[in-house]
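For reference, the structure is listed below as structure tokens.
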Amino acid sequence: MEHYHCWELGYWNVNGRIDYKKTQRLLFMTFEETGLSAEILKAIGELGFVTPTPVQERSIPEILNNGQDVISLAQTGTGKTGAFGLPIVQLANTQNSETQALILSPTRELCLQISKDLTAFAKYTERLKIVSVYGGTDIKAQLKALKGAAHIVVGTPGRVIDLINRGALKIGNIRWLVLDEADEMLNMGFQDDIETILAETPETRQTLLFSATMPPFIEKVARHYMKEHIEIRIGRTNQGADTVQHHYYMVKAADRYAALKRIVDMVPDIYSIVFCRTRQETKEVADKLIADGYNADALHGDLSQAQRDTVMEHFRIKHLQILVATDVAARGIDVTDLTHVINYNLPDDPEVYIHRSGRTGRAGKKGISVSIVHSREMSRIKQIEKVSGKTFERKMVPNAEEICQTKLLSFVDCIEKQEFDEQSAIAPFIPEIIEKLSHFSTPELIKKIIASEFEAVNKYYQNAEDLNIADTKEKKKAHVEDDKMSRLFINIGKIDRIRPGDIIGLINKYTRDINEKIAIGHIDLMRNFSFVDVDSTYAQEIINRINGQNVDGYKLVVELTESKRSSKENSFGGFGGQKKKKGGKPSDHKENFRGSRGKHSDRNEAPRRANKKDDWRKDKKKRKF
């Protein structure tokens, strides 16, 4: 028995030798050359099918001409339904009323989608009946549909077994058994059901197994239930689609939702699924989006089948732009033109990420897979990159100015493209409106319209904070670049009951007129004095402005020190501080001081109030700068 493996450039046998005849047949193949009938070609031509996808190019001739079992490994969205559906529609015998093909799929949504596609393929094929059966709905209608001829049955494993047990579905003479999204059915716990169904089918059947990955169960099916078969691999297993870009945004965990809103705001025509970990999180995120005016809804396990159908229908026809879902709830969703997949949380399993991202970038279109992560999740990003062979690009969460500009330009584009119908309901009011606004010039009117439209947006994003955080590499880089900061000595410390915020306030107070925002780094509070790192560009200016200032009769001393912050110090402390050597210069400061005030204190050189009652050492009131 000789098994063939079909790769992207041809067929090889198990001995590693290429089969030139098989390979030559596949090069530059068109739909006409696959062997499809005129009726099928006409139907798919109207659907816009031009040339077969790689999986169709390799699978259709095998199913039509050779009758061998097929294992086809290809990512979601590569045209697998056409790969098995087109030849089955053509080969089905409409003169025979028995069920000839059984197609198993993991979810109701995928089952319905396959049925819809097969019906479209069979537009010019007379008397071919396609029936879909699935759980979560009244079984009576399905029992009735199976009473007549049901040439092709598409169903979920559980409902198929139920109908077999009732005697309504007979699969003892089927010619084709298709396992679509086989790995998904395995993940959803259908292994026993699949084996039960396989045992009911004849050994003469042609088994067609389509999957994105190759778990052990599929190998078991091939060993025990498949005859001489070919294996077709499109691309590398577990590899992400080439048409998908992978972006990530790094924020604090508490800022995920705020980041999600800004990402969505930057894409006015977004059409996306947002993946969450739990049902509760799905509900919360969807509810927040709806409350904030976004065209969104949730899909989760707590919905009834009727509610689920309604949400899915609205999403398919794009009445919804954003669908928030869990992985389980989203299984079987088949939408070809998603612009984005957004991972509100990264999945634990890289294969789950690959499957999620594969929902966009289908049919040759470009798509973007977005992940909102925290710095601690970078290891997961690296793991997914390793498994998928794709590189993630870090993007910065947009700021207020970018979002407002995007929304404004989108609004202007909509106005520019808007056509006015003289028969519309608003037409009678136009003359009065024109008369009322006629005294405004065109620029004035445009400004008023824009101001009216964007007042809420500007108000919402006014003073919006930067949500981006540094990853580990950036933090290391910032530490390396500490030489761009200068360290200042200030003769006030913990004994004066000050906090880091007071030091910042002191600097801000005396540099308010400087237009640039001065970067302030580490602040180390010692007992008698403090150190603060500031942008070297402004260090001398800060010294000039603060040094010698009198605060409550106390003279401040600010000096530049050349000593660097020890790597063992934390952000707001250290291990004791510095002492200025007697007669030494600021550059002589060393960070090994453990003494207290007294004759060795640097404060001895600083003028104090004469009045002992007002001495800061005895004044418990916290000083404000």
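The values are calculated or read from the model by the stated rules, or taken from the named source; none is laboratory data. Not measured: the values here are computed from a predicted model. Reconstructed Cβ throughout: ideal geometry from the backbone, glycine too, with neighbour counts over all protein chains shown. These area figures cover heavy atoms from the full protein model, side chains too; ligands, DNA and RNA do not enter into them. Shrake-Rupley method; radii C 1.70, N 1.55, O 1.52, S 1.80 Å.
Points worth noting:
- Accessible surface comparison of LEU186, LEU408, LEU110, probe 1.4 Å, protein chains only, largest first: the order is LEU408, LEU186, LEU110.
- A simple spin-label model places the labels of SER536 and LYS318 5.4 nm from each other, with each point 7 Å out along Cα-to-Cβ.
- Cα centre as origin, Lys/Arg/Asp/Glu Cβ charges: segment 116-204 dipole, Debye: 780 debye
- Each residue of segment 380-397 is assigned a 3J(HN,Hα), and the resulting list reads 5, 4, 5, 5, 5, 4, 5, 6, 8, x, 10, 9, 8, 10, 6, 10, 8, 4 Hz, derived from the Karplus form 6.51 cos²θ - 1.76 cosθ + 1.60 (θ = phi - 60°), x at Gly and Pro.
- Just the protein heavy atoms count here, and of the accessible area of segment 113-214 at 1.4 Å, carbon and sulfur take up 46 percent.
- Burial order of peptide ranges 267-279, 411-423 (average beta-carbon count within 10 Å, highest first): 267-279, 411-423
- Peptides ranked, highest mean first, by Cβ atoms within 10 Å: ranges 317-327, 427-437, 349-359, 493-503: 349-359, 317-327, 493-503, 427-437
- Residue order for VAL131, VAL328 - accessible surface, 1.4 angstrom probe, largest first: VAL328, VAL131
- Here the Debye sum runs over all C-alpha atoms of segment 284-413 as equal scatterers in vacuum, and log10 of I(q)/I(0) at q = 0.14 Å⁻¹ comes out as -0.77.
- A 1.4 Å probe over all protein chains sorts SER530, SER486 by accessible area into SER486, SER530, starting with the largest.
- Prolate/oblate/rounded label for segment 50-110 (Cα gyration tensor, a/c 1.5): oblate
- HN-Hα J in Hz across segment 403-415 - Karplus 6.51, -1.76, 1.60, θ = phi - 60°, x for Gly and Pro: 5, 4, 5, 4, 5, 5, 5, 5, 5, 5, 4, 4, 5
- Remark: segment 404-470 carries a charge dipole of roughly 220 debye about the Cα centre, counting +1 on each Lys and Arg Cβ and -1 on each Asp and Glu Cβ.
- Percent accessible area from carbon and sulfur atoms, segment 376-415, protein chains only, probe 1.4 Å: 53 percent
- Label-to-label distance, nm, for residues given as ALA38 and VAL267 (7 Å Cα→Cβ offset): 4.5 nm
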